[in-house]
Structures are given as C-alpha cells and as structure tokens.
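Notes for the one structure printed next.
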Amino acid sequence: MRRFGVIAAVATLTACGFIAGPVAMEGQKLSPDQVPAPEPSGSSAPVPSVSPSRAAGSARGTSPKQSAATPSAAAPPAAAPPAATQSAAPRPAPELRAQEQPAAEQPARKRQQSDAALVHKLPTGDLPGWKQVFREQFDKGDVPVGAFPGPAYSAKWSAGYKDGTPDTAGQKGAKSGYYPSKVLSVKNGMLDWYLHSEDGIAMGAAPSPKISSDNTVPSRDPSLLPRHNSLLYGRISVRFKADALRGYKIAWLLWPDSGVWPRDGEIDFPEGDLARSFYGAAHYRGNDPSASDMFRSEVFFTDWHVATIEWSPGKVEFILDGKSLGASTTLTPNTPMHYLLQTEACLPRCPAPQTAGHVYLDWIAVWKRA
C-alpha cells in the first residue's frame, strides 16, 4: 500500500441533470490546451464489430449545464497486463480453487479459499454500524443493448446521461461521450458495458443505482431536490472485471449533490485506465483542486475483484478483496453525495478506433449508516 498526494490540473466540466437534481461528471487530468490524441492504430488488435439489438434507447434527463471545474487524481504509469481477448463474450466468474499444495498446508489453504469465496459472494443484510439499502446481482433476466434498464431493472436503475452527452474528455473537444443505448446491456447475470467506437466516437456510459433513501439528509442548498442515489456517508461494494482496453477508463465515484467542486470533495474507487492498474482517490473539501489522497492497488481490471468504499465521518477507507488499501482522514466530504458508475474514454489518450471490449459488473451492494 502506498499513500500519497496527487496533483491534478483543473478541467472545465459540464453538470448534467437527470431524474432529480444536478449530476456532475467527475473531472480527470487533462491539459486545457490539448485534446487527447488517439492511440496508434497498432496499439490494439482489430475486434469484430458487434451489432446492438436496438439502435437507440429512450433519452434520459435534460441537456447538460455548465458547472465548476472538476479535476481528479491521475495515476502514475503502471505496466500493462497481458493483452486480453477484447472480443470475448461475458462469462460467469471463475471458481475460486486452491492450487495443489503439500498436505501440511491444506488447512491454511482451505481457510484462504473460504475467505476469498466469502469476499466474492454478494453480501446480503446489515453489517455492524451499517444498514443495507440496495443490492443487485442482475438475476432478473437479460436485457439487450439499447433496452437497459427495461421493465426488469427500471425500478432500481437509471441508464444515466442520455446519448450524446460529452464525457469528461469530450467536454474538452475529444471525440468521446456517453451512449447508454449503444453500450449497456444485461447478459449472463452481469451488467455489461460494450465499449467501442462508432463513426470515430469512443462510447461509454454512466448508469446509477436508485438507492432507497428517506430523503432527510441535510444539504447546504435547500433548493436541491432529493436524489434517487444520494447518501450522507455510506458503504458501497462492487464485484467487477474488464478487458484490457487502452484509452478507456472507469471512475466509479461519489460526487457531491451540490455540484460544487472542489469545495465539497469527491470519492473514486475503482478508478483507472482499463489497461493499467487501478486505484482509489479521496479529494479533499476546500478550494484546492489538487488536494487529494490516492491509494494504488497494483492489480489489474482483467481479474475479478471486489472494491469497497467505506465513507464515514472524518474518514474514507478503500478496501480491495477484503483488505484495506488505506484511509484518507483529511478534509473528507461531509455533505450528501450521489453514486455513478462512470465509464468513459480519452483520458489521457483516446483508444484506437478498433479497440473494443467489455466491462462487467457482477453485483453491487450499498449500505447507509445505521
């Protein structure tokens, strides 16, 4: 575990409204004078095209509105994992099995295997100090590309920003944006992002859960409407994996309901380019956009992992596969925040046009303070 501050440049972003209240896209390190360039064409192997089941889905939300600049922690370089087969279809999570070992080591190995199985299993019910308010394992049937959330999941999910909304880099002129109708589906018991380019535009999506709430959390701005995915302190666990897609990234984050950044902070985990290792980032409250703590995992998206954000008064802890990466205790957010599974492109460079593949969410569980 390594803990260190990260300096990030300020990027001008757009705040978008959907469902109720403003939604602001998390900012990334991006030079204001430089539009991300595409990767060389040889950086990724060609992948056969995949035809969505439906050309377009229902638009959600309103047109984007201008907001405060919102940079984020940028990861230092990390070696890329072995190339993944980017066109591979979703498949169930692999069984967790201990390797062959001497008889004397069997009991310890079995305990480790049991612990790992528990970490990777969808947690159900309350935990000490936490009341579970949401869980999803996508067991209500498949939904084709273009139809998410559909009748099966609409009570608990929003597809997020409507088609054509610029993502973080897109707001600076990059050819990238959110296109849930061309990206999101449910297959084999998982939420599936099919990340790819069409007509030169790299496409992502930022769906969000509809978290049960009594809507009594305090706000600095009484004019803000209650949000469907808002929390004041909470614990969020996700089980995920992804193909190694250079130029695409995820920043699954808690963003302040106020939309005022950096004043009200930001929390991201997991975050990183899909071809590199990922990390957690806690952005301080205050007026310094470069003030944050980052906790590097040194593992890659290509294996199944369980990432947990535990946000409590005065502390944000990042937990990976049941083990703490570390905690930030400096100027932690203390106002309501909402959760987005933000998945996008072109930070810091755009993917090669032929780069295509998948991000998979096996399950998600959310708790609020008891």
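Since every read-out is calculated from the coordinates, none of them should be taken as a lab result. What you are looking at is a predicted structure, and each value in this text was computed from that prediction instead of being measured. Ideal geometry is used to build each Cβ from the backbone, glycine not excepted, and the neighbour counts take in all protein chains shown.
The table for this structure:
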quantity	calculated
Those lysines that a straight Cα-Cα span of less than 16 Å connects to LYS172, excepting residues fewer than 8 apart in one chain	LYS29, LYS65
Ordering of 263-273, 127-137, 280-290, 324-334 by packing [mean C-beta count within 10 Å, highest first]	263-273, 280-290, 324-334, 127-137
Low-density loop cleavage sites - trypsin sites (Lys or Arg not before Pro) in segment 332-370, where at most 14 other Cβ are within 10 Å (DSSP)	none
Backbone HN-Hα couplings from phi across segment 183-197 [Karplus 6.51/-1.76/1.60, Hz, Gly and Pro as x]	10, 8, 7, 10, 9, 6, x, 9, 6, 10, 9, 8, 8, 6, 10
Across LYS156/LYS182; LYS140/LYS323; LYS162/LYS210; LYS187/LYS323; LYS182/LYS210, pairs whose alpha-carbon gap is larger than 23 Å	LYS140/LYS323; LYS187/LYS323
